Amino acid sequence: MKTHILGIESSCDDTSAAITADDLLLSNIIANQEVHRIYGGVVPELASRAHQKNIIPVVEAAIQKAKINKNQLKAVAYTRGPGLLGSLLVGSSFAKSFALGLKIPVIEADHLQSHILVHFIKDESTVKPPPAFPFLCLTVSGGHTQLVMVRDYFEMHLLGQTIDDAAGETFDKAAKIMGLPYPGGPLIDQLAREGNPEAFRFSKPRIAGFDFSFSGLKTSILYFLRDRLKEDPGFIEKNKTDLCASIQSVIVSILMEKLIQASAETGIREIAIAGGVSANSLLRKELMNAGELNHWNVFIPKPEYSTDNAAMIAITGYFKYLRKEFSSHRDTPYARNSFISSAYSS
Ligand code: KG4
Ligand code: ZN
């Protein structure tokens with residue numbers, strides 16, 4: 001008999017519910033919150049309210065699409081953190097109440113571990129086997145930039161991470177400076193396709209080891225545009241595609257350099273990417289190129305599994321269910337940190 005798990009994700013501004021049967025994904029419903037667009041970023045209070053409104057219809061739609069009865073569910077997995085506390089509270093409270101009603105266990109999932117575990121989701125189009133342990137994963141999202149060595153489903157070691165801004169945040173802030181709507185990452189990606197990545201040069205930070213830094217780049221983009229706008233108020237409009245291509249190129253090159261270095265130093269050639277920024281077309285292309293050059297076995301999630309989704313929570317729930325790792329109803333959400341916190345030691 002298959003193990004059906006309901007996954008709930010509500011850590012930021014997407015309300016999502018998914019159902020898995022063992023490691024096979026049956027449904028993955030995502031409700032995006034348009035309400036933040038006019039503010040140029042996520043407004044936490046509005047996000048919690050939108051989750052409250054969306055959670056029941058999203059869960060109902062996930063159950064319906066999976067063509068199962070809710071009594072077939074074996075457990076409810078939910079994102080415990082990190083994320084916006086008010087948003088996490090909606091998902092975690094719902095998950096606990098729903099599980100209590102069905103008399104089934106709850107399973108907490110760490111958002112960052114779950115982003116990585118998307119590589120184990122099977123769906124009707126899956127042909128490639130999942131990555132073999134140990135593998136390296138570059139997790140790049142709006143809130144995080146991490147280079148992780150994955151030794152087992154829940155044995156993940158942090159090799160490096162950003163010391164300031166995240167990669168997605170840098171895309172979004174650069175877009176905001178250029179007057180593009182939030183979230184700017186996908187728009188920069190789209191506009192960059194028509195632009196010249198060599199048109200403008202932004203310098204890369206020099207950070208030791210496997211850590212990243214993006215705040216210097218963000219400031220240099222801000223000052224560069226401020227100076228150009230003084231000379232020509234139409235500068236951004238006239239150079240939008242070249243600016244997007246140049247900014248995207250430097251962000252991707254910062255990420256790829258560390259990934260290549262980490263593979264060379266660890267000798268690991270199973271290489272994965274995850275998180276919202278892993279939907280970026282240049283990052284995907286550069287990863288494929290580096291993969292060919294360095295004989296890597298490359299793993300790129302489908303775009304719908306890159307950005308926040310509950311499929312990743314349901315699959316995490318499945319692996320924890322197999323280990324009987326259930327959670328207490330007394331567990332409260334956490335806004336910061338993650339289970340990927342132990343420093344790497346060989
Ligand atoms: O994983 P995610 O959905 O949420 C967090 O956990 O943060 O990531 C969202 C981030 C945003 O910063 C968004 O701009 C970025 O992922 N993003 C992209 C692309 N698609 C989403 N950045 C660059 N290119 C894309 N195609
Ligand atoms: Zn995320």
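Some observations on this one:
- All positions within region 185-196 that are away from ligand 2 (no atom under 16 Å from the Cβ), surrounded by 14 or more Cβ atoms within 10 Å (Cβ to Cβ) and within 15 Å of ALA174 (Cα to Cα): LEU187, ILE188, ASP189, LEU191, ALA192
- Residue count for region 315-336 satisfying the condition of being among the hydrophobic types (A, V, I, L, M, F, W, C) and more than 16 Å from ligand 1 (Cβ to nearest atom): 3.
- Any chance TYR39 is open to solvent by less than 10 Å² (accessible area, probe 1.4 Å) and of a type in the set (Phe, Trp, Tyr): no
- Condition check for ARG49 on (1) at pLDDT below 95; (2) in a strand (DSSP E or B); (3) open to solvent by 40 Å² or more (accessible area, probe 1.4 Å): one failure, at (2).
- Residue match in region 273-280 (condition: touching a strand residue (DSSP E or B) at 6+ places or on another chain (Cβ under 8 Å), free of Cβ contacts under 8 Å to residues at least 60 places away in the same chain and assigned by TED's automatic domain parsing to the domain that holds ILE221): no
- Scanning region 199-231 for residues that are small (Gly, Ala, Ser) and not in a loop (DSSP other than H, G, I, E, B) returns SER215, GLY216, SER220.
- Among residues of region 99-117, those that are away from ligand 2 (no atom under 12 Å from the Cβ) and either assigned to a loop (DSSP other than H, G, I, E, B) or within 12 Å of the chain's Cα centre (by Cα) (or both), counted: 4
- Scan of region 302-314 for residues that are within 14 Å of ligand 1 (Cβ to nearest atom) and open to solvent by less than 10 Å² (accessible area, probe 1.4 Å), ordered by number: SER306, ASN309, ALA310, ALA311, MET312, ILE313
- For ASN297, the requirement of being touching a residue at least 60 places away in the same chain (Cβ under 8 Å) and more than 20 Å from the chain's Cα centre (by Cα) is met.
- Top-ranked residue of region 83-110 - restricted to ones that are open to solvent by 10 Å² or more (accessible area, probe 1.4 Å) and under 26 Å from SER306 (Cβ atoms), ranked as farthest from ligand 1 (Cβ to nearest atom): PHE94
- Between GLU325, GLU292, the distinction of being part of a helix (DSSP H, G or I) and either more than 30 Å from GLN33 (Cα to Cα) or among the acidic types (Asp, Glu) (or both) belongs to GLU292 only.
- Residues located in region 13-33, provided they are within 16 Å of ligand 2 (Cβ to nearest atom) and surrounded by fewer than 24 Cβ atoms within 10 Å (Cβ to Cβ): ASP14, ILE30, ALA31, ASN32, GLN33
- Which listed residue, of ASN69, ASN28, is modelled with pLDDT of 95 or more, assigned by TED's automatic domain parsing to the domain that holds PHE319 and over 19 Å from the mean Cα position of the chain (by Cα): ASN69
- Candidates LEU225, LEU243, LEU259 - the one that is of a type outside the set (Gly, Ala, Ser), open to solvent by less than 20 Å² (accessible area, probe 1.4 Å), away from ligand 1 (no atom under 15 Å from the Cβ) and farther than 19 Å from GLN161 by Cα: LEU225
- Test: residue in region 230-237 that is open to solvent by less than 10 Å² (accessible area, probe 1.4 Å) and not polar (S, T, N, Q): no
- Selection status of HIS119, touching a strand residue (DSSP E or B) at 6+ places or on another chain (Cβ under 9 Å), at pLDDT below 95 and within 16 Å of ligand 1 (Cβ to nearest atom): no
The values are calculated or read from the model by the stated rules, or taken from the named source; none is laboratory data. Fair warning: this is a prediction, and the values are worked out from it, not measured in the lab. Glycine gets a Cβ as well: all are built from the backbone with ideal geometry, and neighbour counts include every protein chain shown. Just so you know, the surface numbers come from the protein's heavy atoms only, side chains and all, with ligands and any DNA or RNA stripped out. Shrake-Rupley method; radii C 1.70, N 1.55, O 1.52, S 1.80 Å.
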